[in-house]
Amino acid sequence: MTIKKKQRWLTFLSFFIILNTLFFYGFIRDGTWLAIAVLLVPICYKMSRVNFFLSSLSFLFVTLILIWIVDYGFTNFFFWRPFDLLITRDATGLPIYKKNRVVNMVQPTGDLKPYTNVYDGLQYEPRDMIFKTDSLGFRNNSDYMGQSFVLVGDSFIAGTENTQEDTLSFVLKKKYQAKTYSMGVAGASIDDYAVYTQKLENLNSGSFKVLIFVYEGNDFPVARDKKISKLKKVKKLYKKPINAYKSFFRETGFYRFTWTAYKSLISHYKNEKRSRRQIRRIGNHSVGFANDELTVSGEKEYIPHPILEKSLKSIKDKISHMYFIPTKYRIYYPLIEGRDKEPLPNANWKAFSSIAKKLEIPVTNLTPVFIQEAKKHFFRNEQFIFWKDGNHWNVKGISIAAQVVCQTVQRLGCT
């Protein structure tokens, strides 16, 4: 091989190593990556090919050390909750957790902590957390074993803010001897639920049925007349293969940490003192609520996005029952001091129940029983069925949901 050919190969390898290593950094967006690639050209020609190649290896080596430190060395120092460490996307862009992982940590606060940059008096509730995922990237103690019923939903079904033994699937088994498989992922949407169901069906020939849990807070996309520009159409064409390629790099906790840090800095720079949560008084307690929940709960009209009915229709034959999960704000609205006397509207539930009726799928609204139980727990012992510093059920709320599931699905075999 001639000297010129060796130099070309060294140049190619150097660029390949550097540009691929950059994908491990969550704050390197597409435009930044391209700018760095262009800037590397004059740098390469100013250095000898050997030194440029050695520099690329050094960059890769340092990055691998950082990945080890964040992912395995001092995980609890960099991540305050399991979600930030484990959430990722597969090659198709589907939200999923990292496969076959176990995280054991103390989560110092609920999920409302990052909703503000200023302290507003909310009392945080530390908790011990165990978070275990299976080979498909769902939160289960073991892989799918042919269970007849599968729970499908978002963070409520994944048990966000709760330890492994307090998830809905685990409580159903522990209290009622009902064996279920859980396919819940925080951040998943109604169309993702359909894809999860179809994927499990493709992998397993068993005749399982799904119980769909739809959350009022973020499972109701708004229908808008929106034209997709030609530029966005072109972006979609190249984004899909690029995202599939990047999925390997995004699996690391280092990517997740640098991406989260980048988002936090941008958010802090734009809205330094803006808070996305509100604190309301319930008796002697300060309870946090996300602003988005207040907005959704107060909407008087909801025009369903076609994807809502389309997604449910695509798996209609697999659905045994559906459940409407109300927001925390809706449940505690009757107990909030100084609230408006006018009752909250039920736009999302009306739309959802209408779609369920059209598709002939049984559906249960969890709102009445949760309001009743919230009052009972508070007036008897000043206890809550949601985390005061989070958006989700605690184990008391999860136990209530488990009881309703057993009452509405007789074939589950609860005892």
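Readers should treat all values here as calculations from the given coordinates under stated rules, not as data from a laboratory. Since the model is a prediction, treat every value here as computed from it, not as a measurement. No Cβ is skipped: glycine too gets one built from the backbone with ideal geometry, and neighbour counts run over all protein chains shown.
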If one computes the Cα centroid of the stretch 101-158 and of the stretch 312-328, what distance in Å separates the two points?
21 Å
Could you pull out the longest piece of the chain with no exposed loop GluC sites (Glu not before Pro) in it, calling a site exposed if DSSP puts it outside H, G, I, E, B and it has at most 13 other Cβ atoms within 10 Å?
1-271
Please compute, for the alpha-carbon atoms of the stretch 3-73, the extent along each of the three principal axes and give them in descending order in Å.
42, 26, 16
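Just to verify a number: FRET efficiency for R411 and I3, C-beta to C-beta distance, R0 = 60 Å, to 0.05?
Numbers: r = 75 Å, r/R0 = 1.25.
E between R411 and I3, to the nearest 0.05, is 0.20.
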What does a probe at F379 reach in the stretch 311-345, counting residues whose amide N is under 12 Å from the point 7 Å along Cα→Cβ?
335
R0 of 56 Å, Cβ-Cβ distance E360-L64: FRET efficiency to nearest 0.05:
0.55
For the chain, share of DSSP beta bridges that run antiparallel, in % to the nearest 5:
50 percent
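So, with +1 on the Cβ of K and R and -1 on the Cβ of D and E, and no other charges, what is the size of the charge dipole of the chain about its Cα centre, to the nearest 20 debye? All intermediate terms of the calculation are to be shown ahead of the outcome.
Working: 61 positive and 35 negative charges, 319 e Å.
Here the chain has a charge dipole of around 1540 debye.
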What is the angle, in °, between the Cα long axis of helix 230-250 and the longest principal axis of the Cα atoms in the chain? Nearest 10 is fine, range 0 to 90.
90 degrees
So which cysteines of the chain have no other cysteine's Cβ under 4.7 Å from theirs?
C44
Long-range amide H partners of I96, meaning residues 5 or more apart or on another chain whose placed amide H is closer than 5 Å, are T88, R89, D90
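At a Förster distance of 45 Å, what's the computed FRET efficiency of M145 paired with A35, Cβ-Cβ distance as r, to 0.05? Could you put the intermediate results ahead of the total?
Details: r = 50 Å, r/R0 = 1.11.
With a Förster radius of 45 Å, E is 0.35.
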Fewest-first ordering of Y245, Y302 by Cβ atoms within 10 Å yields Y245, Y302
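Taking 0.36 nm per residue of separation and subtracting the Cα-Cα distance, what length does fully extending V404 through I336 add?
Values: separation 68, 0.36 × 68 = 24.48 nm, distance 2.52 nm.
Stretched fully, the V404-I336 segment lengthens by 22.0 nm.
Can you tally the net charge around Y124? Count Lys and Arg as +1, Asp and Glu as -1, for every other residue whose Cβ sits under 9 Å from the Cβ of Y124.
Value of the local net charge: 0.
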Compute the acute angle (0 to 90°) between the alpha-carbon long axis of helix 190-203 and the principal axis of greatest extent of the alpha-carbon atoms of the chain; round to the nearest 10°.
80 degrees
What Kirkwood hydrodynamic radius, in Å, does the stretch 79-412 give when the mean of 1/r is taken over all pairs of distinct Cα atoms and then inverted?
21.0 Å
Using alpha-carbon coordinates alone, the radius of gyration and Dmax of the stretch 367-415 in Å work out to 12.0, 36
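Step through the table entries K179/K263; K175/K375; K209/K388, compare each Cα-Cα distance with 32 Å, and write down the pairs that go over it.
Checking Cα-Cα distances, K179/K263; K209/K388 exceed 32 Å.
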Counting alpha carbon pairs within less than 8 Å and at least 6 residues apart, what relative contact order, in whole percent, applies to the chain?
20 percent
Long-range amide H partners of V409, meaning residues 5 or more apart or on another chain whose placed amide H is closer than 5 Å, are none
Tell me, how many Å apart are the Cα centres for the stretch 349-415 and for the stretch 13-68?
51 Å
The simple spin-label model distance between N104 and L19, using points 7 Å out along Cα→Cβ, in nm, is 4.4 nm
